[in-house]
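Step one of this worksheet: look at the structure below.
The values are calculated or read from the model by the stated rules, or taken from the named source; none is laboratory data. This is a predicted model, so every value here is computed, not measured. Positions of Cβ are generated from backbone atoms using ideal geometry, with glycine treated the same way; all protein chains shown enter the neighbour counts.
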Amino acid sequence: MTERTLDAARQEEFAGRMLQVLNDSCLGHLCSLGHRAGLFDVMSGLPPATSARIAEAAGLDERYVREWLGGMTVGGIVEYAPEDGGYRLPPEHAAALSRAAGTDNMAALMQYLAMMGDVEDEVLTAFRAGGGVPYSLYPHFQDVQAEETARVYDAALIDTIAPLVPGLADQLRSGIDALDIGTGQGRAVNLLARAFPASRFVGADISEAGIAVARAEAARWGLDNARFEVADTAELAGSYDLITAFDVIHDLARPARTLAAVANGLRDDGVFLMGEIAASSELSENIGHPLGPTLYALSVFSCMTVSLAEGGAGLGTAWGRQTALRMLREAGFGDVVTREVPGDILNVYYVARKG
């Protein structure tokens with residue numbers, strides 16, 4: 001047997017890359033903590049300050065804040081002046097880390113790292129025995145997901161995403177019946193109901209906790225044209241002019257059955273607006289995707305395994321355009337157009353009609 005010859009330079013380069021992966025992963029966890037603790041928000045409004053001043057402003061323990069600031073400093077996120085012990089979050093960094101950054105806030109996304117760690121043991125068991133990890137073992141998932149989608153919906157749902165369907169805004173102003181499946185905590189439904197009071201909106205989700213939050217928000221906003229139901233999306237009832245599903249279908253145990261139910265639930269001139277992950281169904285075409293590793297990690301630790309836990313299809317996060325288009329056709333949609341929002345590298349929207 002011929003002994004393989006290692007390329008020493010290539011080996012050293014790869015080892016360096018893995019070291020950077022380790023450092024960046026740890027930095028990501030620290031960023032998640034900083035987001036959840038409100039530290040980036042506090043620092044974005046402070047001049048250079050000591051750890052004691054930052055901790056006081058954030059209402060946190062100084063010793064923990066000081067150690068966190070150490071990680072932020074050596075990671076190049078926070079600037080430090082040793083002569084006076086002052087820490088500074090540059091405004092250019094705050095623009096990608098604070099809640100005021102809206103959809104540009106990357107720190108909020110780092111919360112998914114902690115979520116993955118929460119279920120790593122269970123996912124490893126599934127690797128060995130098959131099956132999956134049930135949704136019930138993700139105590140913080142819906143809150144993290146709701147925060148992320150709310151940022152997107154607040155910024156873009158009414159003025160950017162809804163207009164992807166030609167003429168939809170006029171229909172909503174006139175008054176139509178709409179359903180959002182997998183609505184989570186209902187932010188999309190409530191925003192649409194507030195913007196278009198002549199239309200009637202229903203949000204459906206299997207999560208009782210999510211539906212409770214959605215109903216509470218609708219009550220706070222005084223919405224009488226939004227209601228929410230705990231329901232299986234594969235067993236839809238009623239007929240609608242518009243059905244939406246945002247980042248939902250690939251998570252489902254029975255996605256094909258749900259898409260068929262959507263087609264059956266649409267009125268003849270109705271439209272299905274499906275927001276999904278912008279990826280290819282061909283692995284080779286996802287090499288170089290700016291979020292490629294993230295998509296597959298989220299799939300292993302969440303999207304795919306939750307579906308498999310129910311004996312489902314396990315489509316995975318990167319199920320891709322080709323599979324999505326095929327499944328829409330098989331469900332009865334003869335007219336499907338894909339639309340994208342400029343600057344959004346994560347999502348693609350399918351405007352589907354029965355045709």
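Going by the structure shown, is ALA234 crowded, with 17+ Cβ neighbours inside 10 Å, of a type outside the set (Lys, Arg) and assigned to a loop (DSSP other than H, G, I, E, B)? Spelling it out, ALA234 is indeed crowded, with 17+ Cβ neighbours inside 10 Å, of a type outside the set (Lys, Arg) and assigned to a loop (DSSP other than H, G, I, E, B). Of the residues making up the stretch 259-275, those that are buried (at least 20 other Cβ atoms within 10 Å of the Cβ) and either under 17 Å from PRO166 (Cβ atoms) or under 21 Å from the mean Cα position of the chain (by Cα) (or both) are LEU259, LEU266, GLY270, VAL271, PHE272, LEU273, MET274, GLY275.
When residues in the stretch 163-191 are screened for being under 21 Å from ILE249 (Cβ atoms) and free of Cβ contacts under 8 Å to residues at least 40 places away in the same chain, 2 of them pass. Taking the criterion of being over 26 Å from PRO134 (Cα atoms) and buried (at least 20 other Cβ atoms within 10 Å of the Cβ), would at least one residue in the stretch 242-258 satisfy it? Looking through the stretch 242-258, at least one residue is over 26 Å from PRO134 (Cα atoms) and buried (at least 20 other Cβ atoms within 10 Å of the Cβ).
Does GLY275 satisfy the criteria of being assigned to a loop (DSSP other than H, G, I, E, B), assigned by TED's automatic domain parsing to the domain that holds THR160, within 24 Å of HIS140 (Cα to Cα) and not aliphatic (A, V, I, L, M)?
no
Within the stretch 308-315, does at least one residue satisfy the condition of being without any contact (Cβ under 8 Å) to a residue 40 or more places away in the chain and within 18 Å of the chain's Cα centre (by Cα)? Looking for residues that are without any contact (Cβ under 8 Å) to a residue 40 or more places away in the chain and within 18 Å of the chain's Cα centre (by Cα), one finds none in the stretch 308-315, hence no.
The number of residues in the stretch 101-116 that are surrounded by 15 or more Cβ atoms within 10 Å (Cβ to Cβ) and without any contact (Cβ under 8 Å) to a residue 24 or more places away in the chain comes to 1. Here ASP344 meets each of (1) of a type in the set (Asp, Glu); (2) surrounded by fewer than 17 Cβ atoms within 10 Å (Cβ to Cβ); (3) modelled with pLDDT of 95 or more with one exception, condition (3).
Every residue in the stretch 50-86 that is of a type outside the set (Val, Ile, Thr) and either touching a Phe, Trp or Tyr at 6+ places or on another chain (Cβ under 6 Å) or at positive phi (or both), please. Break it down into steps so the answer makes sense when it comes.
Keep residues of the stretch 50-86 that are of a type outside the set (Val, Ile, Thr), which gives 51-53, 55-64, 66-72, 75-76, 79-86.
Within the stretch 50-86, GLY59, LEU69, GLY76, TYR80, GLY85 meet the criteria.
Checked against (1) crowded, with 16+ Cβ neighbours inside 10 Å; (2) on the phi < 0 side of the Ramachandran plot, GLY320 meets all criteria but (2). The set of residues in the stretch 150-209 being modelled with pLDDT of 95 or more, basic (Lys, Arg) and either part of a helix (DSSP H, G or I) or surrounded by 22 or more Cβ atoms within 10 Å (Cβ to Cβ) (or both) consists of ARG173, ARG187, ARG194.
Residue-by-condition table, conditions (1) without any contact (Cβ under 8 Å) to a residue 40 or more places away in the chain; (2) surrounded by 15 or more Cβ atoms within 10 Å (Cβ to Cβ); (3) not aromatic (Phe, Trp, Tyr):
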residue: ARG99; (1), (2), (3): no, yes, yes
residue: ASP118; (1), (2), (3): yes, yes, yes
residue: THR125; (1), (2), (3): yes, no, yes
residue: SER136; (1), (2), (3): yes, no, yes
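Candidates in the stretch 48-85 are the residues that are among the aromatic types (Phe, Trp, Tyr) and in a helix (DSSP H, G or I); of these, the one that is surrounded by the most Cβ atoms within 10 Å (Cβ to Cβ) is TRP68.
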